[in-house]
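> One structure follows; several queries about it will come next.
The values are calculated or read from the model by the stated rules, or taken from the named source; none is laboratory data. Nothing here was measured: the structure is a model prediction, and the numbers come from that model. Every residue, glycine among them, receives a Cβ derived from its backbone with ideal geometry; neighbour counts consider all protein chains shown. All accessible areas refer to the heavy atoms of the entire protein, side chains included, with ligands and DNA or RNA removed. Shrake-Rupley method; radii C 1.70, N 1.55, O 1.52, S 1.80 Å.
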Amino acid sequence: MGDPIPIQQLRQLLAERLPRVRTGFAAPPVPVTVPTGVRDLDLALGGGLPVGQITELVGEGWGSGSAQVIHAVLRRAAAEGRFVALVDGADSLDVDALEPAELARLLWIRCRTAADALSATDVLLRDRNFPLVVLDLKVNSALEWRRISGSVWHRFNRLREQYRTTLLVVTPQPSVGGAARRVRVAARVPAVTVAGRLV
């Protein structure tokens, strides 16, 4: 047996004889994101909400900052000329806190129950006119939460895959099955804490 061939020489030989064969691994694609307008949250999410995915924002307790995140998302979308659909599960949005430019780019769907909000979200996920949908269920009651079937999140996942809609779901407790990312904000913690990928 002869001397071993150095690895560089072997790669060159392979490239000459098999020019269409790639050596090594391709770099993973850089995920496309929608910035939220909250710097720490965007950093934690790797640039913002992953496009065409579901992100769950868990606002633990009153004063957690989830409403401020929603307002920041609306402000950022308006600044970039994008439309946003907000499904307000308990009709709790403070529109007085929004600027006219933000309201001009907002479809606000006011619901009284979580069931109505989920139905409205189902319709919006099928509509290609709203690439970003925010579903705010933070203030809905615990009784309504117990009635939400896990199949709802499965259906939403299939719809967002088909239509490439970015969905941000704001909840009082972790519950969205199949979310690409889950982020927790809490009143007792001054900075945003991120759970990272679901395990």
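> Out of all the residues in the range 129-155, which are of a type in the set (Val, Ile, Thr) and open to solvent by less than 20 Å² (accessible area, probe 1.4 Å)? Let's see the steps before the verdict.
Here is the first cut: in the range 129-155, the ones of a type in the set (Val, Ile, Thr) are 133-134, 139, 148, 152.
Answer for the range 129-155, where residues must be of a type in the set (Val, Ile, Thr) and open to solvent by less than 20 Å² (accessible area, probe 1.4 Å): VAL133, VAL134, VAL152.
> Does the range 112-126 hold any residues that are touching a Leu at 6+ places or on another chain (Cβ under 9 Å) and of a type outside the set (Gly, Ala, Ser), and which are they?
Residues satisfying the conditions are LEU118, THR121, ASP122, LEU124, LEU125, ARG126.
> Return the residues of the range 52-79 that are open to solvent by less than 40 Å² (accessible area, probe 1.4 Å) and among the aliphatic types (A, V, I, L, M); say none if nothing qualifies.
Listed by number, the residues that qualify are ILE54, LEU57, VAL58, VAL69, ILE70, ALA72, VAL73, LEU74, ALA77, ALA78.
> From the list ARG126, ARG105, ARG112, ARG158, which residue is touching a Phe, Trp or Tyr at 6+ places or on another chain (Cβ under 6 Å), surrounded by fewer than 19 Cβ atoms within 10 Å (Cβ to Cβ) and more than 19 Å from LEU57 (Cα to Cα)? Spell out the reasoning first.
Values: ARG126 fails: touching a Phe, Trp or Tyr at 6+ places or on another chain (Cβ under 6 Å); ARG112 fails: touching a Phe, Trp or Tyr at 6+ places or on another chain (Cβ under 6 Å); ARG158 fails: touching a Phe, Trp or Tyr at 6+ places or on another chain (Cβ under 6 Å).
Only one candidate passes the filter, namely ARG105.
> Restricting to the range 77-130, name every residue that is among the basic types (Lys, Arg) and touching a strand residue (DSSP E or B) at 6+ places or on another chain (Cβ under 8 Å). Show your work before the answer.
First, the residues of the range 77-130 that are among the basic types (Lys, Arg): 82, 105, 110, 112, 126, 128.
Within the range 77-130, ARG82, ARG105, ARG110 meet the criteria.
> While we're here: Quickly run through the range 129-166 and pick out the residues that are farther than 27 Å from ASP94 by Cβ, among the polar types (S, T, N, Q) and touching a residue at least 60 places away in the same chain (Cβ under 8 Å).
ASN157
> What pairs come out if I take residues in the range 46-64 that are closer than 7 Å to THR166 by Cα and pair them with residues that are among the charged types (D, E, K, R) and open to solvent by 40 Å² or more (accessible area, probe 1.4 Å) whose C-beta lies under 6 Å away, six or more apart or interchain?
GLY52/ARG164
> Which one is most open to solvent (accessible area, probe 1.4 Å), of the residues in the range 8-35 that are among the charged types (D, E, K, R) and modelled with pLDDT of 70 or more?
Initial filter on the range 8-35 (among the charged types (D, E, K, R)): 11, 16-17, 20, 22.
This time we only want the ones that are modelled with pLDDT of 70 or more, so: 11, 16-17.
Working: ARG11: 140, GLU16: 124, ARG17: 175 Å².
Of everything passing the filter in the range 8-35, ARG17 is most open to solvent (accessible area, probe 1.4 Å).
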